[in-house]
Amino acid sequence: MATREWNPLDFDIGEEEDEEGTPSPSSISPPLPYFDRDRHVAFLEMMYNLMPHHYQSQEINRLTLAFFTISGLHLLRALDRVDKDRVADWVLSFQAHPRSRAQLKNGQFYGFHGSRTSQFPPDGNGISARNAGHLASTYCALAILKTVGFNLLTIDKESILISLRNLQQPDGSFMPVDVGAETDLRFVYCAAAICFMLEDWSGMDREKAKEYILKCQSYDGGFGLMPGLESHGGGTYCAVASLRLMGYIEDDLLSKTVTSSVINVPLLLDWCMQRQAIDGGFQGRANKPSDTCYAFWIGAVLRILGGYKLIFKIALHRFLLTCQSEFGGFSKYPGDLPDIYHAYYGYTAFSLLEEPGLNPLCAELGMTDLTAICII
């Protein structure tokens, strides 16, 4: 995924500015009244071939950007635009490998690097002083490999799983790297998703992780990213999806006759339902504006719980269309320019809404059902 000098503002999009420099609402092109699949495929093909220069600051997250692009094309049923073998070889080149089995206990994580920038070259003796992967990059790497049909049983999963335990903390949380990083629910989710995709839970202590997650549920039913923090849409998704992947909660929980659960489901459901705003979109926290990505983060939680049928789908569909860009992709807010992050979660949101022409979504893993069950 190369970079080049490209600026969407170079295109004449017909915006006029008021005296304060803000685009006049009357001059912004009206949103398309339908989901324009072909335009979104073109947007992702551009990202696949030549990443715009605005993403240079995200170079360290190159595997994440690649995941949004390739998994997005699969959601749009356009995976044929991708050279699967070439992508698999490229992703595999980012895995960190120990020089010996003894190094698996040295504290470092032998997952995947996020980009070439974090792959330090070896010294004259062939030894790399820093050869550690990142949890989020490893999740994205495995997800891409599954998406292009690569057999994960053929990779060095032993190194990943043994060293993954180096990152779990005494309270059950995970750091994304072995030194100098925060711990929160995002990385518990990455660890759970990695073990789930590798079909081997030896990489983490599930019971400790569960206890940490339960401490993050707030008084209002949502989950903060850490114990005691404000409930947040992304944190709530990471908590619920992790518990589902680890087998601590059932799918479609609301349809079950059993009322007991490790989490407070009625309070969680109430918190999630309150996140749909008057404009039809979802907000990540109370008193925040609606944002495209939370149509996935909150919507996926409701799908896992079995409560997605309770939302106002027509209003959500209408809101998402106001964030659909004429260039393809989706923006964070109506009228903004698109970005690959919000584009991807716009596609996942439309998949949850069962938009024709899209592959169905595996809510727990954030990728297509076909990828989750390895049918490509």
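The table that follows gives values for the structure above.
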{"read-out": "Positions within segment 345-369 being open to solvent by 20 Å² or more (accessible area, probe 1.4 Å), free of Cβ contacts under 8 Å to residues at least 60 places away in the same chain and under 14 Å from residue 317 (Cβ atoms), in sequence order", "value": "353, 354, 356"}
{"read-out": "Test: residue in segment 213-224 that is open to solvent by less than 40 Å² (accessible area, probe 1.4 Å) and either modelled with pLDDT under 95 or in a helix (DSSP H, G or I) (or both)", "value": "yes"}
{"read-out": "Candidate set: segment 37-74, residues that are small (Gly, Ala, Ser) and surrounded by 23 or more Cβ atoms within 10 Å (Cβ to Cβ); chosen: the one nearest to residue 118 (Cα to Cα)", "value": "66"}
{"read-out": "Qualifying position, being modelled with pLDDT of 95 or more, touching a helix residue (DSSP H, G or I) at 6+ places or on another chain (Cβ under 6 Å), not aromatic (Phe, Trp, Tyr) and not in a loop (DSSP other than H, G, I, E, B), among 3, 64", "value": "64"}
{"read-out": "Residue match in segment 102-113 (condition: without any contact (Cβ under 8 Å) to a residue 60 or more places away in the chain, among the hydrophobic types (A, V, I, L, M, F, W, C), more than 30 Å from residue 39 (Cβ to Cβ) and assigned to a loop (DSSP other than H, G, I, E, B))", "value": "no"}
{"read-out": "Looking only at segment 103-123, and only at residues there that are over 28 Å from the mean Cα position of the chain (by Cα) and more than 20 Å from residue 168 (Cβ to Cβ), the one that is most open to solvent (accessible area, probe 1.4 Å)", "value": "121"}
{"read-out": "Residue tally, condition assigned to a loop (DSSP other than H, G, I, E, B) and closer than 20 Å to residue 189 by Cβ, over segment 322-372", "value": "4"}
{"read-out": "Those residues of segment 214-263 which are out of contact with any Leu (no Cβ under 6 Å at 6 or more places or on another chain) and aliphatic (A, V, I, L, M), in sequence order", "value": "214, 226, 229, 240, 241, 243, 245, 246, 258, 262, 263"}
{"read-out": "Qualifying residues in segment 171-193 (those that are hydroxyl-bearing (Ser, Thr, Tyr) and part of a loop (DSSP other than H, G, I, E, B)) - the one surrounded by the most Cβ atoms within 10 Å (Cβ to Cβ)", "value": "173"}
{"read-out": "Output for segment 298-321, where each listed residue is aromatic (Phe, Trp, Tyr) and either under 21 Å from residue 244 (Cβ atoms) or not in a helix (DSSP H, G or I) (or both)", "value": "308, 312"}
{"read-out": "Which numbered condition residue 136 misses (of (1) open to solvent by 10 Å² or more (accessible area, probe 1.4 Å); (2) under 22 Å from the mean Cα position of the chain (by Cα); (3) at pLDDT below 90)", "value": "(3)"}
{"read-out": "Residue in segment 196-203 that is in a loop (DSSP other than H, G, I, E, B), in contact (Cβ under 8 Å) with a residue 12 or more places away in the chain, at negative phi and open to solvent by 10 Å² or more (accessible area, probe 1.4 Å) present", "value": "yes"}
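The values are calculated or read from the model by the stated rules, or taken from the named source; none is laboratory data. Nothing here was measured: the structure is a model prediction, and the numbers come from that model. Methodologically, a virtual Cβ is constructed for each residue, glycine included, from the backbone with ideal geometry; neighbour enumeration extends over all protein chains shown. SASA here: full protein model, heavy atoms, side chains in, ligands and nucleic acids out. Shrake-Rupley method; radii C 1.70, N 1.55, O 1.52, S 1.80 Å.
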